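Participant: Structure below; questions to follow.
The values are calculated or read from the model by the stated rules, or taken from the named source; none is laboratory data. Please read these numbers as outputs of a predicted model, since none were measured by experiment. Note that each Cβ is placed from the backbone with ideal geometry, even for glycine, and that neighbours are counted across all protein chains shown.
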């Protein structure tokens, strides 16, 4: 009987980590999807910012435009 109890504890002990890992996988996948979406959004924002900077022209030209407007 003692062996059966030991065997049962070992079985339960080995199953718990596996179930914990299985529960974490969907959360990890969701996290990875969110990271990918955030990375794409960051790239989009950087692209828009770069385009806006190009439209403004070189920094020296911007400084002259601002001084001329005052």
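Participant: Do the conditions hold for residue 68, that is, is it at pLDDT below 70 and exposed (fewer than 10 other Cβ atoms within 10 Å of the Cβ)?
Facilitator: no
Participant: Moving on to the next point. Output the qualifying pairs, or none if there are none: Cβ atoms under 6 angstrom, residues six or more apart or on different chains, first residue in segment 13-39 and modelled with pLDDT of 55 or more, second residue surrounded by 10 or more Cβ atoms within 10 Å (Cβ to Cβ) and part of a helix (DSSP H, G or I).
Facilitator: none
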